[in-house]
Amino acid sequence: MTEANPLPPGILQFPEGLPGFENLTEFVLLQDEELLPIVFLTSLGEPKICLPVMPVQRIRQDYRLEIEEPDRRVLLLREEPVVGRNVLCLAVLTLGDGLQPPTANLLAPIVVNVETWTAKQVIQLNSSYSTVEDVG
């Protein structure tokens, strides 16, 4: 993954689905060069389900990802997760309406194992991150 093309090359498998969309397990990341670094997590089963996401490092360069063992098993991680090396970490965005600025959910990022393309939304249990971090 490079800055010019930050997307993994395949279908993301969410074994447990996403909260609220547990029956949707296959997604792709779609990009529009004009909107980078925002990309769109889009369901293959329900293309209308499309979430704007952004790499967490674009919001917080010092972002610390902590993944508990049950989540590591779901993600099929065999080693310590390192953002940018073996995992991609995406914040789900809430786009502003012109009056409110866009915000990012850093409390529950979408984590992708870049070796297997297995993904899960992971809640950061012991963190001070918020679901409404300003996107600067």
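Tell me, please, whether a residue that is assigned to a loop (DSSP other than H, G, I, E, B) and within 22 Å of residue 129 (Cβ to Cβ) can be found in segment 25-38. Steps first, answer last, please.
Of segment 25-38, the ones assigned to a loop (DSSP other than H, G, I, E, B) are 25, 32, 36-38.
Then drop every residue that is not within 22 Å of residue 129 (Cβ to Cβ), which leaves 37-38.
Yes, because at least one residue in segment 25-38 is assigned to a loop (DSSP other than H, G, I, E, B) and within 22 Å of residue 129 (Cβ to Cβ).
Count of segment 109-135 residues, restricted to those that are in contact with a Pro (Cβ under 8 Å, 6 or more places away or on another chain), touching a residue at least 60 places away in the same chain (Cβ under 8 Å) and under 26 Å from residue 76 (Cα atoms), is 6. Residues in segment 52-72 that are part of a helix (DSSP H, G or I) and surrounded by fewer than 12 Cβ atoms within 10 Å (Cβ to Cβ): 2 in all. Here 92, 82 are screened, and the one residue that is among the aliphatic types (A, V, I, L, M), modelled with pLDDT under 95 and either under 19 Å from residue 27 (Cβ atoms) or surrounded by fewer than 16 Cβ atoms within 10 Å (Cβ to Cβ) (or both) is 82.
Taking (1) outside any loop (DSSP other than H, G, I, E, B); (2) under 21 Å from residue 20 (Cα atoms); (3) within 13 Å of the chain's Cα centre (by Cα) in turn, residue 123 satisfies each apart from (1).
The values are calculated or read from the model by the stated rules, or taken from the named source; none is laboratory data. If you're wondering where the values come from, they're calculated on a predicted model, not measured in any experiment. Every residue, glycine among them, receives a Cβ derived from its backbone with ideal geometry; neighbour counts consider all protein chains shown.
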